[in-house]
Amino acid sequence: MNIIPNPQNFENISGSFVITDDSKIFCNAEFASQAERFRDLVNESCGFLLQFTEVIEEAQIIFSHAEEGEPESYVLMIAQGVATVTSSSPVGCFYAVETLRQILHLNEKQEQPTCANCYVKDSPKFAWRGLLVDVARHFFDVDTLKQIIDLMSQVKLNKLHLHLTDDQGFRLQIDKYPLLNDVSSVRGGSEVVKDGKRYVDDTPHSGYYTKDQIREIVAYASERNVDVIPEIDLPGHFVAALAAYPELSCARQVLEVRKTWGISKDILCAGNEQSYAFVKDVLDEVAELFPSEYVHLGGDEAPKDRWCNCKLCREKMAELKINDYDELQTYMIEIFRQYLEEKGKKVICWNDGLTSSANGEIVSQVWKSYKGSNAATHTKQGRKVIVSPFFYTYFGFPYAMTPLGKTLRLNPFKGVKPANRANVLGIEGAVWTEYIDSADKLFFHLLPRLDALAELAWSSNKTGFYKRLKPRLDYYGQAGISFNRKATKYPALRIATTRKFFRRSSDVEFNKNSKN
Ligand code: ACM
Ligand code: ZN
């Protein structure tokens, strides 16, 4: 049977199972919303609303409580005319329904859902099965995020990391600092690669999420067992905020919200007490808004040129008796880590923003391994890591550069000693959106890479991935969701196409492979 991600244990049993409009559902009270969800899926697929029964012997679909088992695990037994789901928690039951959705083809219109009898015993390989969406470089509306959450939950992904702020835009309503919305969420143009040229066009781009919209997204995600993790990237990638509040930069000069990509030397001043007060105020509102256990504080790509030339930053270094600018960043992050800890939150940082003296509680998201800062060294030091190597899991790149097969070949434990493997929380893919300016292009870059990501994060055995992927691709096609129709073919002319993407047209693959 074709299931993505591949269940841990799957056995075929002879015979088959059919749902008719006479079939009845029995569920333990704690699984009522999962059972209703299943009933709704059947209804959408076949147009009949299954009845519930309180007599278990009358039921053909049973959602039943198990005393034991990890919360995300479930057992599904389909035999002798009955499908029985058992799990110790509603999360496991939710995932069983997602498995049923796939094996009964509930995403399709049909008369009578049917599947072969089988036994599935399933649980995730990793607790952290994440996707980053960069809504700072390009803003995507609430409906697009909801669609991403739907697609994530169908393949049992559970962490949506929103990269909310960057040099090119600040995309979250902050009541205390309204200019973050009025000024920092608007830019005058964008760097594009079009018509054989790379240039800055003058089409304004803007947008931010109101607090009500965030609450809506968080609630929608929560119903689908997806946590939403906010990222406020600092001290680098902070130009959009500095454009509104220049007093927070070292040079205090007026900047514009950045229109070009890459790395800015203008970063948040670490010597100015106002910087700390400002970020704490922002974190107050972030922590209040997002129930997530984690807040991501970025920390990546923060060149220290401005700090070197800043009187306040140098005075801060003297006061702290440190002489390394990276340690000044460690100090800054630690202030905010402690602040968030008081609110019951943990911090994640990109690995290039963490020195070896950074607090051991900070989770490292490893995107770019280098000596002394990679999954092997961090896990050895006892630090928890999320694995996101850009060469495998960055989905903003063209498929010619990062083909599906490359993503699938990621070894999340590369270099990690078996004794330290428990420190690998899991895997996160990232769709950076410098060159993705529409929802259709976003889904094109994401699908079917999302399926490969789910397979990596959930399954222990990737055998038959491409065969199991076929129904997912059919579904994307039937549902009119944009996806790369050639993704399973190793891209031809990889270097030439990658060069074309970055030099001639970032639509080179999208134009060719998103249509039939
Ligand atoms: C990153 O890609 N700068 C985290
Ligand atoms: Zn400074």
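Working only within region 13-24, note down all residues that are surrounded by fewer than 21 Cβ atoms within 10 Å (Cβ to Cβ) and part of a strand (DSSP E or B). Selection gives Ile13, Ser14, Gly15, Ser16, Val18, Lys24.
Against the condition open to solvent by 50 Å² or more (accessible area, probe 1.4 Å) and of a type outside the set (Lys, Arg), how does Glu285 come out, does it pass? Break it down into steps so the answer makes sense when it comes.
Working: open to solvent by 50 Å² or more (accessible area, probe 1.4 Å): no; of a type outside the set (Lys, Arg): yes.
In short, no.
Exactly one residue out of Pro246, Pro235 is in contact with a Cys (Cβ under 9 Å, 6 or more places away or on another chain), on the phi < 0 side of the Ramachandran plot and either free of Cβ contacts under 8 Å to residues at least 60 places away in the same chain or open to solvent by less than 20 Å² (accessible area, probe 1.4 Å) (or both), and it is Pro235.
When residues in region 23-64 are screened for being in contact with a Phe, Trp or Tyr (Cβ under 6 Å, 6 or more places away or on another chain) and at positive phi, 0 of them pass. Count, please, the residues in region 415-438 that happen to be over 22 Å from Asp167 (Cα atoms), among the small types (Gly, Ala, Ser) and buried (at least 20 other Cβ atoms within 10 Å of the Cβ). So the answer is 1. When Ala127, Ala96 are checked against the criterion of being under 22 Å from the mean Cα position of the chain (by Cα) and open to solvent by 30 Å² or more (accessible area, probe 1.4 Å), Ala127 stands alone in meeting it.
So which residues in region 288-301 are open to solvent by 20 Å² or more (accessible area, probe 1.4 Å) and not in a loop (DSSP other than H, G, I, E, B)?
Glu288, Tyr294
The rows are residues; the columns are (1) touching a Cys at 6+ places or on another chain (Cβ under 7 Å); (2) free of Cβ contacts under 8 Å to residues at least 40 places away in the same chain; (3) polar (S, T, N, Q); (4) closer than 22 Å to Ile217 by Cα.
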| position | (1), (2), (3), (4) |
| --- | --- |
| Leu289 | no, no, no, yes |
| Leu328 | yes, no, no, no |
| Glu334 | no, yes, no, no |
| Thr355 | no, yes, yes, no |
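It is to be established whether one or more residues within region 188-210 are under 30 Å from Pro71 (Cβ atoms), in contact with a Leu (Cβ under 7 Å, 6 or more places away or on another chain) and open to solvent by less than 10 Å² (accessible area, probe 1.4 Å). There is at least one residue in region 188-210 that is under 30 Å from Pro71 (Cβ atoms), in contact with a Leu (Cβ under 7 Å, 6 or more places away or on another chain) and open to solvent by less than 10 Å² (accessible area, probe 1.4 Å). The residue of region 103-124 that is farthest from Ser388 (Cα to Cα), among those that are under 24 Å from the mean Cα position of the chain (by Cα) and surrounded by fewer than 21 Cβ atoms within 10 Å (Cβ to Cβ), is Asn107. Applying the criterion of being in contact with a helix residue (DSSP H, G or I) (Cβ under 6 Å, 6 or more places away or on another chain) and either modelled with pLDDT under 95 or polar (S, T, N, Q) (or both) to the residues of region 463-489, the residue that is farthest from Ser45 (Cα to Cα) is Thr488. When each of Ile335, Ile322 is tested for being open to solvent by 30 Å² or more (accessible area, probe 1.4 Å) and either within 22 Å of Ala452 (Cα to Cα) or assigned to a loop (DSSP other than H, G, I, E, B) (or both), the lone residue that passes is Ile322. Among strands (runs of 3 or more DSSP E) entirely within region 170-282, having at least 2 residues that are of a type in the set (A, V, I, L, M) and under 21 Å from Val142 (Cβ atoms) singles out 227-231.
Just one of the listed residues (Lys489, Lys470, Lys441) is open to solvent by 40 Å² or more (accessible area, probe 1.4 Å) and in contact (Cβ under 8 Å) with a residue 40 or more places away in the chain, and it is Lys470. Pairs are defined by a Cβ separation below 6 Å, a sequence spacing of at least 6 or placement on different chains, a first member in region 208-219 that is in contact (Cβ under 8 Å) with a residue 12 or more places away in the chain, and a second member that is among the hydroxyl-bearing types (Ser, Thr, Tyr); the pairs so defined are Tyr208/Ser185.
Set side by side, the residues Val135, Val142 differ, and just one is more than 30 Å from Pro7 (Cβ to Cβ), in contact (Cβ under 8 Å) with a residue 24 or more places away in the chain, surrounded by fewer than 19 Cβ atoms within 10 Å (Cβ to Cβ) and touching a strand residue (DSSP E or B) at 6+ places or on another chain (Cβ under 8 Å), which is Val142. When region 390-414 is limited to residues that are in a loop (DSSP other than H, G, I, E, B) and open to solvent by 30 Å² or more (accessible area, probe 1.4 Å), the one that is farthest from ligand 2 (Cβ to nearest atom) turns out to be Arg409. The single condition among (1) over 14 Å from the mean Cα position of the chain (by Cα); (2) crowded, with 18+ Cβ neighbours inside 10 Å that Leu450 does not satisfy is (1).
Does at least one position in region 51-71 carry a residue that is of a type in the set (Ser, Thr, Tyr), more than 18 Å from Phe26 (Cα to Cα) and assigned to a strand (DSSP E or B)? Give the derivation first.
Filtering region 51-71 down to residues of a type in the set (Ser, Thr, Tyr) leaves 53, 64.
Still in the list and also more than 18 Å from Phe26 (Cα to Cα): none.
No, region 51-71 contains no residue that is of a type in the set (Ser, Thr, Tyr), more than 18 Å from Phe26 (Cα to Cα) and assigned to a strand (DSSP E or B).
Filtering Glu341, Glu315 for residues that are more than 13 Å from ligand 2 (Cβ to nearest atom) and part of a helix (DSSP H, G or I) leaves a single hit, Glu341.
The values are calculated or read from the model by the stated rules, or taken from the named source; none is laboratory data. Remember, predicted model here, so these are calculated numbers, not experimental data. Here the Cβ is made from the backbone with ideal geometry for all residues, glycine too, and neighbour counts use every protein chain on show. These accessible areas exclude ligands, DNA and RNA; they are computed on the full protein's heavy atoms, side chains included. Shrake-Rupley method; radii C 1.70, N 1.55, O 1.52, S 1.80 Å.
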